Each structure stands twice: as structure tokens, then as C-alpha cells.
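Down below is the structure, laid out as C-alpha cells.
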Amino acid sequence: MDERAAGTGTPVAASVEAVFREERGRLLAALVRRFGDLDLAEEVASEAIEAALVHWPSSGVPPRPGAWLMTTARRKAVDRLRRNHAYAARLALLQVDADRAAPAPPADAGGELPDERLQLFFTCAHPALAAEDRLALTLRCLAGLTTPEVARAFLVPPATMAKRITRAKKKIREARIPFRVPGAEELPERLPGVLQTIYSIFTEGYAASSGPLLQRLDLAEEAIRLAHILHRLLPAEREVAGLLALMLLVHARREARTGPDGALVLLDEQDRSRWDRAMIDEGRGLVIVALTGGPPGPYGVQAAIAALHDEAEDLASTDWPQVVALYDVLLALAPSPVVALNRAAAVAMRDGPEAGLALLDDLADEPRLRDYHPYPAARADLLSRLGRLTEATAAYREALALAGTEPERAHLRRRLHAVEQVATEVAYLEP
């Protein structure tokens with residue numbers, strides 16, 4: 001069966017698809033907890049979908065489709081274990097048989113299985129796994145993307161991604177990484193890795209690293225869905241609220257970030273009436289949660305910056321002094337050259353392009369910005385505003401060579417052409 005078994009185009013198949021995407025994390029988590037085997041859990045979950053495609057067209061979609069899938073998957077797992085002599089001696093089978101006779105817990109009861117889903121979150125994002133493997137496993141198991149879809153997100157062949165996911169599962173087995181929620185004393189150390197994994201998925205969706213499209217909306221929306229689940233499971237964790245707020249406030253601008261032809265539209269040129277106001281309101285409410293009750297975390301501060309942008313009527317009326325102040329806080333919490341770059345851009349809006357350019361020049365030797373195209377693009381913009389057109393032209397060319405997506409390259413080509421035209425006109429007028 002294809003990994004996305006429901007993709008047959010019929011109404012029943014669409015219902016199966018919707019149920020499976022919603023219930024996948026909960027279904028897998030419960031199966032992994034019961035059988036202790038991620039591969040087995042994935043296989044029987046897929047078989048349950050196949051069974052639904054056979055039975056639901058005639059019998060109708062059941063009132064609790066998630067519970068139906070759970071019961072079917074558990075029974076198929078029992079059958080597999082009985083046929084597989086390698087598993088025959090497992091004492092857990094006795095418990096499985098006992099559970100088979102008992103009614104399955106409803107899989108669509110909201111918070112019925114919170115710890116099990118948290119177990120899967122923390123297992124997929126375990127620090128013993130390589131960063132790229134954590135991302136791949138989270139996309140595959142929690143976001144429910146197929147292996148080819150995960151491969152497209154990473155711009156690698158499906159076979160390569162299949163090996164990567166297999167490697168991660170093997171590491172979990174061999175290192176005996178437990179399927180459990182960390183204790184209270186471990187949570188502060190482990191939670192940031194989970195949040196970073198989700199945010200990395202969102203970042204690739206918000207600004208694709210390469211390809212014909214600026215945005216991968218499917219990835220951004222999956223990251224937000226995962227963050228919603230995590231927030232429901234850990235409502236007292238303020239940085240979870242902060243991450244969710246940040247993604248909502250940024251994703252709210254998605255429709256205005258590109259033109260009808262897919263061209264990049266910068267913040268100062270966006271039609272703000274196209275921003276998703278309901279998403280902004282939800283994000284602003286979460287910002288209050290993230291910033292209340294103690295010192296702020298990095299995601300909460302970034303969300304507060306995003307909220308200031310979303311609340312402004314236009315670029316000029318943005319509260320730039322407050323934006324700069326928040327970047328000062330963020331630099332103290334999570335210093336990085338990218339944060340320093342963003343702060344320099346905000347200072348340029350508050351104090352003028354010369355002040356911003358001086359800060360950018362201080363970052364010239366930062367190795368982590370060497371291949372980061374927003375850095376030369378920001379310098380080019382400020383240099384052109386200062387009338388230093390030859391330097392601006394060189395900076396735009398540098399940014400163009402580094403940009404990953406075609407919309408970004410097209411935007412930089414337009415900016416470069418405009419600066420070159422002005423430079424030609426100035427040269428013509430000079431005596």
C-alpha cells in the first residue's frame with residue numbers, strides 16, 4: 001500500500017485521510033506504548049487504513065473513526081505477533097491478549113492519551129539522534145508526511161530519506177531510547193529540543209531553502225498543528241505558548257507574502273488587509289501567556305516582536321523603539337548572528353540606514369553569515385538608501401549568488417536592476 005493510503009480521490013477516502021492525519025500521532029503513540037516497536041506501529045496503522053478503505057464505503061464512516069482505527073490496528077498487531085515466531089515468547093503478548101478482549105479507549109476523546117503523544121514527541125526529538133534525523137522522524141511519525149514528502153522537504157531522493165528514517169529508528173532500538181515523557185527535572189533540558197524541531201519544520205515551510213516556491217505551506221501548517229497539540233498537552237509551559245504564538249503571527253501573513261505570480265512581496269509592500277486576523281488574535285493572546293509569570297524565553301520574545309509587526313498599520317508606524325528593545329532582550333537570551341542581523345535592520349528603521357549599516361559591518365567577519373543571503377541583501381538595501389550605488393550593486397550580486405529559491409532570486413534581480421539603472425542615470429548626469 002502507498003503510505004498515503006487514503007489518497008484515492010473518493011469522498012470516503014477523503015474522510016479516511018482527514019481522520020488519519022488528525023489521529024496519526026495519537027494512534028502511533030498508543031501503539032508504540034503498547035508494543036514498544038515503532039516499525040510495527042506504523043505498519044499496523046497503515047493496515048488499519050487499508051481496512052477502513054475496504055469497509056467504510058459500504059458500512060459508512062463510524063461515529064468514532066479514530067477508535068475504530070485503534071481497535072483494528074491493535075488486532076492486526078496481535079495477529080502479526082502470533083505469526084512471527086521471533087515475537088512469540090514476548091511476555092507482553094499475554095497483556096495484549098487481555099487487552100484485546102477489553103473495549104478500546106476512544107481515540108477521539110481530546111486529551112484521552114496525552115502522555116502517549118508526549119512520549120512520541122520526546123522520542124522523535126531525543127538528543128541522542130542527529131538533528132536531521134530528529135526532523136525527519138518528527139515529520140514522518142508526528143506530522144504524518146509520507147517518506148517521499150519528507151524527502152522533498154529535505155531535497156533528497158526518497159531512498160536516501162528512507163535510509164535516514166530507518167537509521168533513526170535503529171538508533172532508538174539499539175540505544176534503548178525510552179518511549180517516555182521526561183521527568184520534571186529533565187523537562188527543562190529536553191523541551192527546547194522538541195521546540196527547535198517543530199520550529200525548524202516551520203522555518204523550512206515559511207522560507208524554503210531552495211526550489212521554485214518561496215513557501216511550503218504544508219510544512220508550516222503541520223508545524224503549527226504539532227505546536228497546537230504540544231500546547232494542549234503542556235499548557236503550563238510558557239515557551240510552548242511562545243513558539244505557537246510566533247508561528248501563528250508569522251504565518252498569518254502568508255497570503256500577502258507572494259504575488260499572483262509567486263513573486264516575493266516584502267513586509268513594507270504587503271497588503272495587510274490580506275493578513276489572517278483570526279490567527280493574529282490567537283497569536284496575540286498566546287504572547288500574553290508566554291510573557292506572563294516569569295522571565296521571558298526566546299520564543300516568547302520573538303512572538304512579541306512578530307505581534308508588533310502585525311499590530312502596525314504599515315511599516316512606518318511600527319513601534320521600532322520597542323522592536324529594538326525586544327531584540328536587545330533576545331540577544332541576551334539567545335545570542336546569534338542572525339538575531340544581531342535582524343536587530344541591525346530594526347535599528348536602521350529607528351535611527352536611519354547609516355546606524356544600521358554600521359552594525360551590519362560589525363558582523364562582516366561572522367562565519368555563520370558568510371553563506372546567508374539575507375546579510376548581503378540587507379547591506380545592499382541600506383547602501384542603496386545611502387546612495388552608495390556601486391557598493392549596493394556588489395552586495396546585491398553577492399546576495400543573488402547565495403539565494404536558494406527562485407522567488408528570492410527574482411526579487412534580488414529586480415532590486416539589482418533598479419540600482420544599476422539609477423547608477424547609470426547618475427553617471428550620465430555627472431559632468
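The values are calculated or read from the model by the stated rules, or taken from the named source; none is laboratory data. No experiment lies behind these values; they were computed from the predicted model shown. Heads up, the Cβs are rebuilt from the backbone with ideal geometry, glycines too, and the neighbour counts pull from every protein chain shown. The protein model used for the area step is the full one, side chains on, heavy atoms only, and it has no ligands, DNA or RNA in it. Shrake-Rupley method; radii C 1.70, N 1.55, O 1.52, S 1.80 Å.
Residues in region 19-29 include none that are modelled with pLDDT under 80, more than 21 Å from ALA125 (Cα to Cα), aliphatic (A, V, I, L, M) and surrounded by fewer than 23 Cβ atoms within 10 Å (Cβ to Cβ). For region 292-308, give me each residue that is β-branched (Val, Ile, Thr) and assigned to a helix (DSSP H, G or I). Result: VAL301, ILE305. Looking across region 140-159, just one residue is crowded, with 22+ Cβ neighbours inside 10 Å, touching a residue at least 40 places away in the same chain (Cβ under 8 Å) and more than 17 Å from ARG26 (Cβ to Cβ), and that is ALA153. Just for region 212-235: of the residues that are modelled with pLDDT of 85 or more and touching a strand residue (DSSP E or B) at 6+ places or on another chain (Cβ under 8 Å), which one is surrounded by the most Cβ atoms within 10 Å (Cβ to Cβ)? Selected residue: LEU214. Name the residue that is nearest to ARG388 (Cα to Cα), counting only residues in region 333-364 that are charged (D, E, K, R) and exposed (fewer than 15 other Cβ atoms within 10 Å of the Cβ). The residue in question is GLU354.
Condition (residue is surrounded by fewer than 22 Cβ atoms within 10 Å (Cβ to Cβ), of a type in the set (Gly, Ala, Ser) and under 27 Å from GLU391 (Cα atoms)) applied to region 315-332: is it met by at least one residue? Scanning region 315-332 turns up at least one residue that is surrounded by fewer than 22 Cβ atoms within 10 Å (Cβ to Cβ), of a type in the set (Gly, Ala, Ser) and under 27 Å from GLU391 (Cα atoms).
Taking region 236-264 as the range and being surrounded by fewer than 18 Cβ atoms within 10 Å (Cβ to Cβ) and not polar (S, T, N, Q) as the test, the residues that pass are ALA236, GLU255, ALA256, GLY259, PRO260, ASP261, GLY262, ALA263. TYR372 fulfils the conditions (1) closer than 26 Å to GLY205 by Cβ; (2) part of a helix (DSSP H, G or I) except for a single criterion, (2). Is there a residue being open to solvent by less than 60 Å² (accessible area, probe 1.4 Å) and over 26 Å from the mean Cα position of the chain (by Cα) anywhere in region 365-374? Yes, the conditions are met somewhere in region 365-374. Cβ-Cβ contacts under 8 Å between residues 6 or more apart (or on different chains), taken from a first residue in region 36-64 that is farther than 27 Å from LYS171 by Cβ to a second residue that is in a loop (DSSP other than H, G, I, E, B) and among the acidic types (Asp, Glu), are listed as ARG64/ASP108. Could you say whether any residue in region 273-280 is at pLDDT 95 or above, polar (S, T, N, Q) and open to solvent by 40 Å² or more (accessible area, probe 1.4 Å)? So far as region 273-280 goes, yes, one or more of its residues are at pLDDT 95 or above, polar (S, T, N, Q) and open to solvent by 40 Å² or more (accessible area, probe 1.4 Å).
When the residues of region 160-211 are filtered to those that are among the aliphatic types (A, V, I, L, M) and over 22 Å from the mean Cα position of the chain (by Cα), which remaining residue is surrounded by the most Cβ atoms within 10 Å (Cβ to Cβ)? Looking at the filtered set, the residue picked out is ILE172. A single entry from THR393, THR318 fulfils the requirement of being under 20 Å from LEU266 (Cβ atoms), at pLDDT 95 or above and not in a helix (DSSP H, G or I): THR318.
Looking at region 255-264, which of the residues that are at pLDDT below 95 and of a type outside the set (Asp, Glu) is nearest to ASN342 (Cα to Cα)?
LEU264
Scanning region 181-230 for residues that are closer than 19 Å to PRO407 by Cα, in contact with a Leu (Cβ under 6 Å, 6 or more places away or on another chain) and part of a helix (DSSP H, G or I) gives GLU204, GLY205. For beta carbons closer than 7 Å, sequence separation of 6+ or different chains, a first residue in region 258-287 that is on the phi > 0 side of the Ramachandran plot and a second that is open to solvent by 20 Å² or more (accessible area, probe 1.4 Å) and in a loop (DSSP other than H, G, I, E, B), the qualifying pairs are GLY262/LEU213.
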